[in-house]
Structures are given as structure tokens and as C-alpha cells.
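Engineer: The structure that follows is given in the form of C-alpha cells.
Computed from the coordinates by the stated procedures, all read-outs in this text should not be read as laboratory data. None of the values given here were measured: they were computed from a predicted structure. Note: ideal-geometry Cβ built from the backbone for every residue, glycine included; neighbour counts use all protein chains shown.
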């Protein structure tokens, strides 16, 4: 699996950490992969309609 290095503002990082702490996600990677999947689904959906 390819690795990426990305930067976030402090506020964005706090938000991501809060999502993990709430139990919605188990890691930063899981959260970011879910965001990409949702964007891909949204893009496919908009192409169909």
C-alpha cells in the first residue's frame, strides 16, 4: 500500500483526533481512507445523475 505524508492545521488534527477518541475510527489512516471512499462514492453518484 502506498504511503503518503500530509500536513494538517492544529485545528484539523484536533478534529481528527476527536473522531478517533469518540470511537468512530480506530486510526488516522482509517478516517482518511473513509473520507476518500465517501468522495469516490459521491463522485460516482454525481456522474450517474
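Engineer: Using helices alone, what [θ] at 222 nm do you get for the chain, with -39,500 (n - 2.57) per DSSP H run of 4 or more residues, divided over all residues and rounded to the nearest 500?
Structural biologist: Theoretical 222 nm ellipticity from helices: -22500 deg cm²/dmol.
Engineer: Any chance you could give the angle, 0 to 90 degrees and rounded to 10, that helix 28-48 forms with the longest Cα principal axis of the chain?
Structural biologist: With rounding to tens, the tilt is 20 degrees.
Engineer: Quick one: angle between helix 10-21 and the longest Cα principal axis of the chain, in degrees between 0 and 90, rounded to 10, please.
Structural biologist: Helix 10-21 sits roughly 90 degrees off the main axis of the chain.
Engineer: How high is the FRET efficiency between residue 14 and residue 48 when r is their beta carbon distance and R₀ equals 25 Å, given to the nearest 0.05?
Structural biologist: 0.10
Engineer: Divide, for the chain, the radius of gyration over alpha carbons by 2.2 N^0.38 Å, where N is the residue count.
Structural biologist: Its radius of gyration relative to the 2.2 N^0.38 Å reference: 1.36.
Engineer: Just order 30-40, 6-16 by mean Cβ neighbour count inside 10 Å, highest at the front, would you?
Structural biologist: 30-40, 6-16
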